[in-house]
Amino acid sequence: MFIVDNSLCIQCGTCAAGCPNHAISLEDNEIKHDASRCNSCGHCLAQCPRDAIMIDGDGYDVEEVEEFSNLTKPTAKQIRRQIMMRRSVRHFNEEEVTEEELQLILEAAKYAPTAKNCQDNFLLVIKNPENRAELLDRSMEVIGQLGKEFMDKVPGLGAFFTMKYKMYKENGEDGLFYNAPVVIFVFSGSDLDGAFCAASMMQMIDAQEMGGCYLQLAADPFNKDKEMKSYYEIPEDKKCVIAIALGHTDDEYFSSVPRKNVPVVWR
């Protein structure tokens with residue numbers, strides 16, 4: 001719900017100029033709001049220099065708003081270093097992932113950008129060891145079936161799925177979650193929104209000096225087996241975009257690694 005405090009508003013017009021949907025206008029020295037155009041993105045609140053605008057109710061809580069300045073943002077050098085030093089971690093120790101650490105990761109998902117501010121991502125967090133073992137077993141059965149289905153159509157992919165399944169059945173090897181203490185599955189109506197959500201969480205995982213790894217293969221069973229989605233109470237209109245294995249690690253990295261340049265067309 002859009003709320004404006006006219007006693008604080010100085011009619012500067014910043015909110016109207018910054019609204020991407022033209023839901024706000026300044027008429028006769030008063031802020032007018034068209035709710036039919038508004039998607040509650042919060043641009044107006046963030047840009048208001050006098051705290052005259054609030055977005056509250058309807059699932060939003062104005063109490064969580066934090067003020068900040070450019071001085072609190074990380075520098076370009078800090079961001080560059082974090083990007084270059086990130087690794088896909090597949091070895092985890094027994095240190096528990098705390099509720100505080102998890103809440104920061106989930107908060108990162110909450111603030112990830114979504115198209116039209118739809119905020120329709122859905123998360124499944126697997127932390128209990130018994131639940132993780134159950135999901136691993138169910139997922140591996142689907143992976144084994146996918147191996148058979150792809151063997152004729154895409155032999156390389158079929159062989160990969162089959163190898164993962166056999167290693168699990170014969171040796172108990174977890175080639176899906178890598179024995180991570182926590183696995184988070186990202187479901188969404190949009191691949192792009194789900195990817196942004198996962199990337200935001202991964203950034204927070206890295207910032208807390210934990211290890212994480214994107215798991216595309218772990219997402220496939222949910223999209224193949226409708227019964228799995230129903231069992232875990234996943235909305236039918238959402239697909240599993242990606243999963244993330246995360247936890248504390250003893251792995252150490254002392255440098256970045258070389259990468260190929262991204263092809264760029266300049267005009």
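The values are calculated or read from the model by the stated rules, or taken from the named source; none is laboratory data. Remember, it's a predicted structure, so these values are computed and weren't measured experimentally. Ideal geometry is used to build each Cβ from the backbone, glycine not excepted, and the neighbour counts take in all protein chains shown. To get the accessible areas, we keep the full protein, side chains included, count just its heavy atoms, and leave off ligands, DNA and RNA. Shrake-Rupley method; radii C 1.70, N 1.55, O 1.52, S 1.80 Å.
A few remarks follow.
- The residues in segment 13-48 that are within 24 Å of S69 (Cα to Cα) and either open to solvent by 70 Å² or more (accessible area, probe 1.4 Å) or among the charged types (D, E, K, R) (or both) can be counted, and the count is 5.
- Of everything listed in (1) farther than 30 Å from F254 by Cα; (2) loosely packed, with under 13 Cβ neighbours inside 10 Å; (3) of a type outside the set (S, T, Y), the single unmet condition for L124 is (2).
- Identity of the residue in segment 215-267, within 21 Å of the chain's Cα centre (by Cα) and acidic (D, E), that ends up most open to solvent (accessible area, probe 1.4 Å): E236
- Looking only at segment 162-180, and only at residues there that are among the hydroxyl-bearing types (S, T, Y) and either assigned to a loop (DSSP other than H, G, I, E, B) or surrounded by fewer than 20 Cβ atoms within 10 Å (Cβ to Cβ) (or both), the one that is nearest to the chain's Cα centre (by Cα): Y178
- Total residues in segment 28-50 satisfying the condition of being over 26 Å from the mean Cα position of the chain (by Cα) and either under 21 Å from Q119 (Cα atoms) or at pLDDT below 90 (or both): the figure is 7.
- Every pair of residues 6+ apart whose Cβ atoms lie under 9 Å, when the first sits in segment 143-161 and is free of Cβ contacts under 8 Å to residues at least 40 places away in the same chain while the second is hydroxyl-bearing (S, T, Y): G144/T162; G144/Y165; G144/Y168; G147/T162; G147/Y165; K148/T162; F150/T162; M151/T162
- When the test is whether a residue is assigned to a loop (DSSP other than H, G, I, E, B), open to solvent by 90 Å² or more (accessible area, probe 1.4 Å) and within 26 Å of E95 (Cβ to Cβ), E209 passes it.
- Where a residue in segment 74-92 is at positive phi and its partner, wherever it lies, is surrounded by fewer than 12 Cβ atoms within 10 Å (Cβ to Cβ), with Cβ under 6 Å and at least six apart: none
- Looking across segment 75-119, the residues that are open to solvent by 80 Å² or more (accessible area, probe 1.4 Å) and either touching a Cys at 6+ places or on another chain (Cβ under 8 Å) or within 27 Å of S40 (Cβ to Cβ) (or both) come down to R90, Q103, E107, K110, Y111, K116, Q119.
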